[in-house]
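Here the structure is laid out as C-alpha cells; the discussion comes afterwards.
The values are calculated or read from the model by the stated rules, or taken from the named source; none is laboratory data. What you see is a predicted model; the values in this text were computed from it and never measured. In this analysis, Cβ positions are derived from the backbone assuming ideal geometry, glycine residues included, and neighbour counts consider all displayed protein chains. Note: areas computed on protein heavy atoms with side chains; ligands, DNA, RNA excluded. Shrake-Rupley method; radii C 1.70, N 1.55, O 1.52, S 1.80 Å.
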Amino acid sequence: MPETTTAAAVTDDGSTGDPVGKRPSGGRAGGRRIAFARLRDLALIPAIIVIAVVGQLVSPVFLQADNLINILQTMSEIAVLVLAQTLVLVVKKMDLSLESTVGLAPGIAAWLTVPVGTGHGLGLVPGGWSVPITLAVGVLIGVVNALFIIRFGLHGFIVTLGMLIVLRGILTGISGGQTFFRLPESMLYLGTAQWFGVPASVWLCLVLFAIGIVVLGFTSFGRSLYAIGGNVDAAKAAGIRTDRVLWTVIVTASLLAALGGLLLSGRLASVASAQGNGYIFTVFAAAVIGGISLNGGKGTVFGAFTGILLLFMIQNVLTLGGVPAQWIGALNGAIILIALALSRVTGGKAQE
Amino acid sequence: MPETTTAAAVTDDGSTGDPVGKRPSGGRAGGRRIAFARLRDLALIPAIIVIAVVGQLVSPVFLQADNLINILQTMSEIAVLVLAQTLVLVVKKMDLSLESTVGLAPGIAAWLTVPVGTGHGLGLVPGGWSVPITLAVGVLIGVVNALFIIRFGLHGFIVTLGMLIVLRGILTGISGGQTFFRLPESMLYLGTAQWFGVPASVWLCLVLFAIGIVVLGFTSFGRSLYAIGGNVDAAKAAGIRTDRVLWTVIVTASLLAALGGLLLSGRLASVASAQGNGYIFTVFAAAVIGGISLNGGKGTVFGAFTGILLLFMIQNVLTLGGVPAQWIGALNGAIILIALALSRVTGGKAQE
Amino acid sequence: MTKRFGSTVALHEASIRIEAGQTHALVGRNGAGKSTLVSILTGLQPPDEGEVRFDGEPAPRLADRDAWRQRVACVYQKSTIIPELTVAENLFLNRHGRGRGGLISWRTVHSRARELLDTWSVDVDVRTPAKELGVEQRQFVEIARALSFGARFIILDEPTAQLDAAAITRLFARIGDLQRQGVTFLFISHHLQEIYEICDTVTVFRDARHILTAAVDELPRAELVAAMTGEAAAEAGGRRRGPAADAADVLEVDDASLPGVYENVSFRVRAGEIVGLAGAASSGRIEIAETVVGLRAAERGTVEIAGSRPRPGSVPAALRAGAGFVPQDRHHQGLVPEMSIADNGTLTIPERLGPGGFIDGRRRDDLAAAMIEKLAIKTPGPELPVSGLSGGNQQKVVMARALAGDPELLVLINPTAGVDVRSKEFLLGKVEEVADAGAGVLIASDELDDLRLCDRVLVVFQGRVVAETTSGWHDHQLVAAMEGVDLDA
Amino acid sequence: AQDSGQSGSGGPVVGVDYPRSDTDFWNSYIKYSPEFAEELGLELKTTNSQNDVAKLTANAQTFISQGVKGVAMAPQDTAAIAPTLEQLAAKKIPVVTVDTRPDTGDVFMVVRADNRAYGEKACRFLGAKLGGKGKVVMLQGDLASINGRDRTEAFNDCMKAHYPDITVFGEATNWDGAVAAQKLQTDLTAHPDIKGVYMQSSFALAGTLQVLKQKDLLVGPDDPEHVFVVSNDGIPEELTSIAEGRIDATVSQPADLYAKYALHYLKAAIDGKTFAPGKTDHDSTIIQVREGLLEDQLSAPLVTADGGTYDGVPSLKSDDQSLWGNKLG
Ligand SMILES: Nc1ncnc2c1ncn2[C@@H]1O[C@H](COP(=O)(O)OP(=O)(O)OP(=O)(O)O)[C@@H](O)[C@H]1O
Ligand SMILES: Nc1ncnc2c1ncn2[C@@H]1O[C@H](COP(=O)(O)OP(=O)(O)OP(=O)(O)O)[C@@H](O)[C@H]1O
Ligand SMILES: O[C@@H]1[C@@H](O)[C@H](O)OC[C@H]1O
Ligand SMILES: [Mg+2]
Ligand SMILES: [Mg+2]
C-alpha cells in the first residue's frame, strides 16, 4: 500500500497530526468531524442565548410565549426570503430583486383582483385567483432572471440589481404609488390565519425551513447545489445538469419571495407600493451571519435560520428596551457587525 | 504571412496554432488591438449619443449649456462615489458603506461645528475645521473598513454592509434624525462656488476623474490595482505590496466618499440624516454599465465616467419629457437593464 | 529550515545547498515540501526557523522585493499570469518602462516585450490579454519573464508539467545556453528522465525532510525513486494480457468531426482493452476524449458507448451509457474542493445512495470507505473535504469518482499530471486492474508513462488520427509521430 | 387622470414638483394638480423628487431651464431646500411650498395645515375617549420629517398637560407600514392593556387593523375591549374604516386644497398680487410666521363617525361631502 506523505495535509482542523500509522478506522474520526460540522452549524446558538438572557433582563415579557410567537411571526416573511437567498447563494449566485418581488407579486394580484373604485384596482379577475396570480408572478420573475443570468450569461448581481429597480418601478406604476386595500379574502388567509394557536405564517415558515434543511442536507438535488456552488465545472463533469439546477433554484427563489410577499400582504391586509423596499440588506446580513458564504457552496439552511432569528430577536429586545428611536439604527448595526465579526471567528478561515 | 498567426491569437479561444514560425510584424496588428481596446472603453458612447438625440427631440432645452451643466452638477457628487467604487472594484473588493459615508462624514463635521441651538449642533469647534473634519472622518471610516477587511480577513461585502447600517445609524443618532443646517461657510464653498461660470463641483469631479484615468492607466501604482484584482498571488510574487495598495485603495475610496458628501452638503447647504441613502444602487449600476467588472481587474475610469453620465442623462431626459411620476422608476430601471444587457453584448464573454 | 502551516509541517529542518553554476534538481513526492522551499527561497514567506544565504550573505528583508528579485528569479508552480492584463504587461509588471513625467510609456513596454518574446520564438501579439493564450504559451511567458530579470540564479518549479515534448526541447535548449553562461538553476520536476537530462546534482526531500544530495550520474533511477518513496522501488508489473479475442466493443467513434478541432475521427475500444490517444498539446486528443464523455458534442459522426448512443453533448447521458471519466484538470473539473471525499466520490452515482433522490449518509460513507480502501487514499475518513488532501490523493478521489459507477468504459485525460512517481505507478496499476476486469479504457495523454500500458496507441496530429501503433513501440517513434513526423520514416 | 407632463394651453408655465409617489396622500395630490391647473388656465410642468432633496434641487434647475414662471414644491426636508430657494429667487421665480415650511429663505406663500394641531386633535380625541387614563401607542413618522416631529411634539405636550395619567409609547416607523405593524405588535404583547393608537399617517392603517384583529381587539366601539385608533390624512380608506367602526377618527389633511391653493397663489404671484396676514375667502387664516414668510393655514378637520365634539375639538362626520376623501373618483 503506497504510503503517501499526505496525512500531514489532513490537519486543517487539527484533528490529526501523525503522518504515519494506518488510516483511522473512520468511525471515530468521522464522528468527530460530524460533531465539528454540527458545531459550525450551531455557531450562532451562543449569541441567541445571550440575547435571550439580555432580553429577559430588559423585560420580563421577552420569554413569554406571546412575545416569542410575535418575533417568529414578524420575521416569518423575511425569513422566507432568507431561505430563498440561501438557495441562490449556495449555487454562487445572488438575487437582489427578491425585495422587489415581495411587493410586485402580491401587488399585481391585488391590482387585478381588487374591484374598481378602491384605489387603483382593476377588478378584472375574481378574488379567488389572487394567490395563484401572486405565485405565478413570482415564477415569471424568476424565469426572467434565469433567462438573463443562465441563458445570456449576464452577472447575477447586475441583472438582479436592474430587476430590483424595474420591478419596484412597475409596482409604483400600476399602483400609482398608492396602497392596495381591501384585498380578497384568499390573499389574507395565510397571513392572518391561526393554526393551533400559532399564526399560519409561522408554521409555513418553519415547514419551509424544515423542507430546506432536508432537501439541501439529505437529497442528491440539494447536494448538487453545493457542488455547483463549489465548482460548477466539476459538477458538470460529474453529470449534474447544472443549468437545470440553476433554473430551478432561481425560479424557486422568486417563488418563495412571492410567497413571502403574500404572507406580508396578508398580515398587513394591504400592498404598499414600497412593500419590501430595503429588505435585501437584512436578508443578506441574516444569511451571512448564519454562515452562508457569498462564494457559494457553503453554509446550511439551519444556519441561515439562526441568522434571521438572531436579527429579529435583537430588534425585539431593542423595542422592548425602549431604546431612543434615533439610536436604534446604530445599535442594531453595531450588533450585526459584531455578530458578523464573531461568525468570522467561529468560521475560521479568512473570507474571500 | 505573420498576419495570420496574430489574427489567430486575437480570437478569444486562445487556440492559436503552432508556436513556431516567426513573430508577427506587430505594427499593424498592434494598431488594430489598441483600436479594439479603445473601442471597449468607448462602448457607451453610442448609447450616450442616442440619449442625447432623443433628449433633444423631447425638449429643445436638452442640449443647452445650462441643462448640460445642470446634468454634470447633479451627477458630480455621486460620480465621485462611482470613482471611489471603481478603485475598490478593480482590486476585487466592494464598499457598500460609501453611501453612508456620504452622509456621516459631513454630518459629523456639521454636528461639531454648527452652533448650539440650531438643530442638534454642538458648536464645539470653529467652522473652519469643518472641511478637515469631514475628510478625516472619511479616512477614519476607510481605516476601519480596511482593518476589518485586510487585517482580519473579513469579506468586504459583509463588512461594508455592516458598516453601512452602523454609519447610517450613527448619523441618525447624532442628528436625532434631523437635518443639520446653517453650515459653516467653508463647508458650503465647494458645493456652491462657480469657477469660470461652471460650478466648482463639476470642475472638481472632472479633475478627479482625469487623475483617476492617469493613475490607473499610466502609473505603476495604478497598474498594481489591476494586478491585484486579476490575481493577488501573482501580484505579490511580482513584488507588489498588495496589502499596502489595498489599504490605500480602501481608505482613498472612503475619503472620496467624504468629499462627495461635502460637495452634496455644500450644494444643499445642509446635511440630512438620510443623505446618501440608496445611492449605492446607482453607484454600482453606473460602474458596471461603464464596464467595471465585479470580479476585479477589469474596466477603466473613463468607462465608469460614461456609465454615470449615461444614467444621469437618462434621468434628465425622463424629467424633461414629463414622464408620469409613477412610471419614471420602471422606465429608468428598464433602460438601465437594457444598458447592462448591451454592455454585456459589447463586453463579449459571459460575466462571472 | 523549518516551516509549519498550522499543525502541518511543510519543511522540517531541511537544508539545501546549491553551488554556483550548477543545475540542481529537487525531487520528492507530492507534498514533500518542494514548493514551500521555493517560496522561502524567493522571499514570498519567511521560514519559521533557519535562514537563507546567497553567496554567503544573509538574505534581504522580506519587504525588500527588489533585492530578492536581483538574487533569484522563479517560475512558480502556480500560475502567476494575470489573465486580464496583456502579455506585455504581464512580462513587465511592476517594472514598466517609464516615459516622460514618470508615467508609463506603453510604447516602450510593448517594444521591450516584443523583443523578449522574440528570443523565445513565442509568436503572440504582446497586446493580447494573457487569458487568450494557450496553456503552453502562457507557460513560456512565465519562463521568459523569470529569465528576463538577469538573475544569476533561477528556480523552475515544475516548468514542464504543462509543456509538450517539442516545447520541452526548446526550453532545455534555452537552459543549456544559460548554463553555459554560468547561470545557476534549481529545477523541480516529477519527470525523472528530465533530471538525468539536464541536471548536475539532485536533492531528494521526503516528508518535509532532506534525504540526500548526490551527483546525478552517481544515482541510478531506482535508488532515486527509493529515496523519494522510502521503500525499494517495485518493478513494473508483467506484460498485460490484452483483451480477449472475442471482446465486444465498448466504444465506437465513427467519423466524428468538430471543425477546427478534429476531423473524421473513427476508432473503437474493446472490453478489456486499453487504448491511448497520444498527441501534442493542441492536437485535439483531449477534445476527442471530451466528446466521448459528453463534455462536447461533435458536429458530425457518432459516438456509441456499450451499444447505446448517448445524446451528444450530455455528460449524464454518457455516464448512464456506462462511461466513467477523469477530466483533464482535477482542480478545474475534477473536484469540488470544499465537499467531502465521500460526496465527491459519489457525485456521479446519486441513484445508488438512497431511494427517491434522498441520500442515505451511511450508505454513502460506506461506499466512500470502500473507495478509500481500494485506492489507498490517505485520509482520516470519508468526511474530510478534498481540499485537505494533497495532489496525489486528490487525483485518487477523481479516479474513485470515475470508477464509482462501475463503468464499462473508462476515459482518462492526463490522469497522472502533476502526480508523483509513486502515485503514478499506483494509479496506472489500478487502470490495468480495471481493464483486466473487463472495462475498456481510453487514455488521452502525452505522457509516455501513461501510454506505455496501452494495448494500442492512436496518434492524433492536428485533429486527425495519423497513426496507430500496437504495443512494443519505442519512445522516440511515438514522440516523432506526435510531432507529426511520419512514423515509418 | 393625467398626473404629470405638460397640460393646459397657452397660459403661463408653472412647475410643480411632487415630493413622492408612494403614499396615498401624495398620490391624491398628484391627481388633483393637473385638474386645478386646467381650471386656473396654467400650463403645467411636473417633476417628482421621490423624497430626495438632491433630486428636488436638480428638478428646480430643470424648471429654470424650461423657463417656468413659478414653482410649487413640497420639500420634505425643510432645511436643505434653502440654496434652491435662493437660486429661484435670484431668477425672480416665485415659489409656493406645500405641506412644509422652509426653515430659512423666503417663499411667496406656504400652503399648509397646522401640523401641531393634528397632534393636538388626536390627543384630545383619545384623551376624551379614554377618560384621561390608560396606555396609548403613537406610531410616529420619520424622525427627519418636520411634519412628523410637529405631530409628535404636540401630541406629547398635550398629553402631559391635559391627561397626565395616560402613558404614551412612541415608536419611530420611518413612514413604513411593516415597521409600524411590527412595533405595534411588540408593544401590544408587552402591554396588552393598551387602549389607544395614534398613527401619524395613513400608511400604517391596514397593518394596524390586522394586528388588532390578530389580537382579537378589533371590536366595536362599545365593546370594553375596543382600542381607539386615530389616523391622519383622510384618504378614502380611512373614511370608510371610520364609517365601519374599525377606526375611530382621522385628521383630514386637505390634499385637494393643497393642490388648488398652491396653484392659486402661483397664479396670483405671476399676476403681481400680494397678500397680508388675516382671514381668507376660503375659511382659513394667513399668518406671518416670520419676516417675509406668509403661511395660509388651511383647515384640517377632525373626522369621526358621529361628527361630535371631543374635549372642545369639533369634528366632521366621515361621510361629509366637503371632505376631499369623499370626492375622489
Ligand atoms: N499555504 C499553506 N498552508 C497550509 N499548508 C501548506 C501551505 N503550503 C503548503 N502547505 C503544506 O505543506 C506541504 C508541502 O507542500 P509543497 O507545496 O511544498 O509540496 P511540494 O513538494 O511542492 O508538492 P508537489 O510536488 O505536489 O508540488 C503540503 O503537504 C501542504 O500540506
Ligand atoms: N494557501 C493554502 N492555505 C491552506 N492550505 C493550503 C494552502 N495551499 C495548500 N494548502 C494545503 O496543502 C495541501 C495540498 O497542497 P499541495 O499544493 O502541497 O498539494 P500538492 O500535492 O502539491 O498538489 P498539486 O499536485 O495539485 O500541486 C492541502 O492540505 C491544502 O489544504
Ligand atoms: O401627511 C403626511 C405627509 O406630511 C408626509 O410627508 O407624507 C405622509 C403623509 O401622510
Ligand atoms: Mg503541488
Ligand atoms: Mg510543488
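I need the inter-copy label distances for B:GLN64: point set 7 Å along Cα to C-beta, values in nm with one decimal, smallest first.
6.5
Hey, got the average number of other protein chain Cβ atoms within 10 angstrom for residues in A:317-328?
What the average comes to for A:317-328 is 5.
Packing-wise, with mean Cβ within 10 Å as the measure, how do A:93-100, C:337-344 rank, highest first? Walk me through the numbers on the way to the answer.
Details: A:93-100: 27.8, C:337-344: 24.9.
Those peptides, ordered most packed to least, come out A:93-100, C:337-344.
If the reach is capped at under 22 angstrom between alpha carbons, list the lysines near C:LYS424, excluding any in the same chain fewer than eight residues apart.
List returned: A:LYS22, C:LYS34, C:LYS78, C:LYS374, C:LYS378, C:LYS396.
How much length, in nm to one decimal, is gained on full extension between C:GLU49 and C:SER266, taken as 0.36 nm per residue of separation minus their Cα-Cα distance? It would help to have the intermediate numbers written out before the result.
Numbers: separation 217, 0.36 × 217 = 78.12 nm, distance 5.88 nm.
Here the segment from C:GLU49 to C:SER266 would lengthen by 72.2 nm.
Expressed as a whole number of Å, what is the distance separating the alpha-carbon centroids of the stretch B:209-253 and the stretch A:314-337?
39
Positive end of the charge dipole of the protein assembly as shown (Lys, Arg +1 and Asp, Glu -1 on Cβ, about the Cα centre): tell me which of A:LEU96, A:LEU246, D:VAL136 has its Cα farthest that way.
The listed residue farthest towards the positive side: A:LEU96.
Between C:LEU375, C:ASN414, C:ILE274, whose Cα lies farthest towards the positive end of the dipole of the stretch C:249-482 when Lys and Arg beta carbons carry +1 and Asp and Glu beta carbons carry -1, centred on the Cα centre?
Farthest towards the positive end: C:LEU375.
Arrange the peptides D:89-96, B:226-233 so that the one whose residues have, on average, the most other Cβ atoms within 10 Å appears first.
Numbers: D:89-96: 17.4, B:226-233: 24.6.
Top to bottom by mean Cβ count within 10 Å: B:226-233, D:89-96.
Which cross-chain or sequence-distant (5 or more) residues have an amide H under 5 Å from the amide H of C:ARG270, H modelled 1.01 Å from N in plane?
It is C:VAL250, by chain and number.
Which FRET efficiency value, to the nearest 0.05, do you get for B:PHE221 and A:ILE211 by plugging their Cβ-Cβ distance into 1/(1 + (r/R0)^6) with R0 = 60 Å? Could the numbers behind the result be given before it?
On the way: r = 52 Å, r/R0 = 0.86.
Efficiency, from the Cβ-Cβ distance: 0.70.
Under 17 Å Cα to Cα from D:LYS121, which aspartates and glutamates show up? Leave out anything in the same chain fewer than 8 places away.
Partners within reach: D:ASP150, D:GLU153, D:ASP157, D:ASP233, D:GLU238, D:ASP248, D:ASP306, D:ASP311.
Multiply the residue gap between C:ASP249 and C:LYS374 by 0.36 nm, knock off their C-alpha separation, and tell me the result in nm, one decimal place.
Details: separation 125, 0.36 × 125 = 45.00 nm, distance 2.69 nm.
The span from C:ASP249 to C:LYS374 would gain 42.3 nm if fully extended.
Kindly state, to the nearest 0.05, the FRET efficiency for C:ARG4 paired with C:THR119, given R0 = 41 Å and r defined as their beta-carbon distance.
Working: r = 41 Å, r/R0 = 1.00.
E(calc), rounded to 0.05, equals 0.50.
What average number of partner chain Cβ atoms lie no more than 10 Å from the Cβ of the residues making up C:84-95? Intermediate results must be reported in sequence, preceding the final value.
On the way: counts 12, 9, 2, 1, 1, 4, 5, 0, 3, 12, 11, 3.
The per-residue average across the peptide is 5.
Enumerate the calculated ³J(HN,Hα) couplings along the stretch C:294-303 in order (Karplus 6.51 cos²θ - 1.76 cosθ + 1.60, θ = phi - 60°), each rounded to whole Hz, writing x wherever the residue is Gly or Pro.
With coefficients 6.51, -1.76 and 1.60, one gets x, 6, 9, 10, 6, 7, 10, x, 10, 10 Hz.
How would A:ASP41, A:ASP66 rank on accessible area, largest to smallest, probe 1.4 Å?
On the way: A:ASP41 45, A:ASP66 90 Å².
Highest to lowest solvent-accessible surface, that is A:ASP66, A:ASP41.
Once the Cβ-Cβ distance between C:THR470 and C:GLN193 is put in as r, and R0 is 35 Å, what FRET efficiency do you end up with, to the nearest 0.05? If you can, show how the numbers build up before the last one.
Values: r = 24 Å, r/R0 = 0.67.
So the FRET efficiency works out to roughly 0.90.
Give the shape of the stretch C:370-454 as rounded, prolate or oblate, defined through the alpha-carbon gyration tensor: a ≥ b ≥ c are the square roots of its eigenvalues, a/c under 1.5 means rounded, and otherwise the shape is prolate if a/b is larger than b/c and oblate if not.
Oblate is the answer for the stretch C:370-454, as a/c is 1.5 or above yet b/c matches or exceeds a/b.
So if each residue of separation counts as 0.36 nm, and I subtract the Cα-Cα distance between D:GLU291 and D:ASN326, what length gain in nm does that give? Don't jump to the answer; show the numbers that get you there.
Numbers: separation 35, 0.36 × 35 = 12.60 nm, distance 3.76 nm.
Stretched fully, the D:GLU291-D:ASN326 segment lengthens by 8.8 nm.
Points 7 angstrom from Cα along the Cβ direction at C:LEU212 and D:SER299: gap in nanometres?
11.1
What size of dipole, in debye to the nearest 20, comes out for the protein assembly as shown about its Cα centre when the only charges are +1 on Lys and Arg C-beta atoms and -1 on Asp and Glu C-beta atoms? Please list the in-between numbers first.
On the way: 124 positive and 139 negative charges, 354 e Å.
So the dipole magnitude of the protein assembly as shown works out to roughly 1700 debye.
Let me make sure I get this right: for the protein assembly as shown, a, b and c are the square roots of the gyration tensor eigenvalues over alpha carbons, sorted descending. Under 1.5 in a/c it's rounded, otherwise prolate if a/b > b/c, else oblate. Which is it?
prolate
Enter the Cα centre distance for the pair the stretch C:139-190 and the stretch D:26-70, rounded to the nearest angstrom.
After rounding, the separation between the Cα centres reads 73 Å.
Charges at C-beta only: +1 for Lys and Arg, -1 for Asp and Glu. How large is the resulting dipole of the stretch A:72-277 about its Cα centre, in Debye rounded to 20? All intermediate terms of the calculation are to be shown ahead of the outcome.
Details: 10 positive and 6 negative charges, 67 e Å.
Taking the Cα centre of the stretch A:72-277 as origin, the dipole is about 320 debye.
Under the definition of Cα pairs under 8 Å and six or more residues apart, what whole-number percent is the relative contact order of the stretch B:72-277?
Details: 368 pairs, mean separation 82.8, N = 206.
Relative contact order comes out at 40 percent.
Mind giving me the nanometre distance, one decimal, between the label points for A:ALA136 and D:ASP222, set 7 Å out from Cα along Cα→Cβ?
4.6
At a threshold of 8 angstrom on Cα-Cα distance, excluding pairs fewer than six apart, so keeping six or more, what relative contact order does the stretch D:189-241 reach in percent? Walk me through the numbers on the way to the answer.
Working: 47 pairs, mean separation 23.9, N = 53.
After rounding, I find 45 percent.
Taking amide hydrogens as modeled 1.01 Å from N in the peptide plane, which residues meet the under 5 Å criterion relative to D:MET138, leaving out close sequence neighbours?
Distant-sequence amide H within range of D:MET138: D:PHE169, D:GLY170, D:GLU171, D:TYR198.
Hey, got the dipole for the stretch C:249-482? About the Cα centre, +1 on K and R Cβ, -1 on D and E Cβ, debye to the nearest 20?
Values: 23 positive and 33 negative charges, 70 e Å.
The dipole of the stretch C:249-482 has a size of about 340 debye.
Find the relative contact order for chain D and round it to a whole percent, using C-alpha pairs within less than 8 Å whose residues are 6+ positions apart.
Details: 697 pairs, mean separation 55.5, N = 329.
Value for chain D: 17 percent.
Would you list the membrane-span-like helices of chain A, meaning whole DSSP H runs whose alpha-carbon atoms span at least 20 Å along their axis and whose mean Kyte-Doolittle value is at least 1.0? Don't skip to the answer; put the middle values down first.
Values: long enough: A:27-41 (21 Å, -0.71); A:65-90 (34 Å, 1.43); A:98-113 (23 Å, 1.03); A:130-146 (24 Å, 1.99); A:156-175 (28 Å, 1.90); A:200-218 (26 Å, 2.64); A:242-268 (39 Å, 1.28); A:301-320 (28 Å, 1.96); A:325-347 (33 Å, 1.36).
Helices meeting the criterion: A:65-90, A:98-113, A:130-146, A:156-175, A:200-218, A:242-268, A:301-320, A:325-347.
Which of D:GLN210, D:ALA82, D:LEU298 sits closest to the plus end of the dipole of chain D, meaning its Cα is farthest towards the positive end, when Lys and Arg get +1 and Asp and Glu get -1 on the C-beta?
D:ALA82
Let me confirm one metric for peptide B:274-280, namely the mean number of other chain beta-carbon atoms within 10 Å of its residues' beta-carbons.
Numbers: counts 9, 6, 1, 3, 5, 2, 2.
Partner-chain Cβ atoms within 10 Å, mean over residues of B:274-280: 4.
Considering only the label points, 7 Å along Cα→Cβ from Cα, what distances in nm to one decimal separate B:GLY153 from the same position in each other copy, shortest first?
In nanometres, ordered from closest: 3.4.
Can you tell me which of C:400-406, C:303-309, A:178-184 comes out highest on packing, and rank the rest after it, using the mean Cβ neighbours within 10 Å? Write out the running numbers ahead of the final one.
Details: C:400-406: 21.9, C:303-309: 17.4, A:178-184: 24.3.
Descending packing order for the listed peptides: A:178-184, C:400-406, C:303-309.
Run the lone-cysteine check on the protein assembly as shown: no other Cys C-beta under 4.7 Å from the residue's C-beta.
Cys with no partner Cβ under 4.7 Å: A:CYS205, B:CYS205, C:CYS74, C:CYS199, C:CYS454.
For the stretch B:92-123 and the stretch C:1-75, compute the distance between their C-alpha centroids and round to whole Å.
50
Pull out a ≥ b ≥ c, the square roots of the eigenvalues of the alpha-carbon gyration tensor of the stretch A:249-305, then state rounded if a/c is under 1.5, prolate if not and a/b is larger than b/c, and oblate in the remaining case.
Working: a/c = 2.43, a/b = 1.98, b/c = 1.23.
Note, shape of the stretch A:249-305 comes out prolate.
In straight Cα distance, which lysines are under 27 Å from D:LYS267, not counting same-chain residues fewer than 8 positions off?
Straight-distance partners of D:LYS267: D:LYS31, D:LYS45, D:LYS55, D:LYS69, D:LYS91, D:LYS92, D:LYS279, D:LYS327.
Label position 7 Å from Cα toward Cβ: report the copy-to-copy distances for A:ILE338 in nm, one decimal, ordered from shortest.
Listed shortest first, these distances are 5.0 nm.
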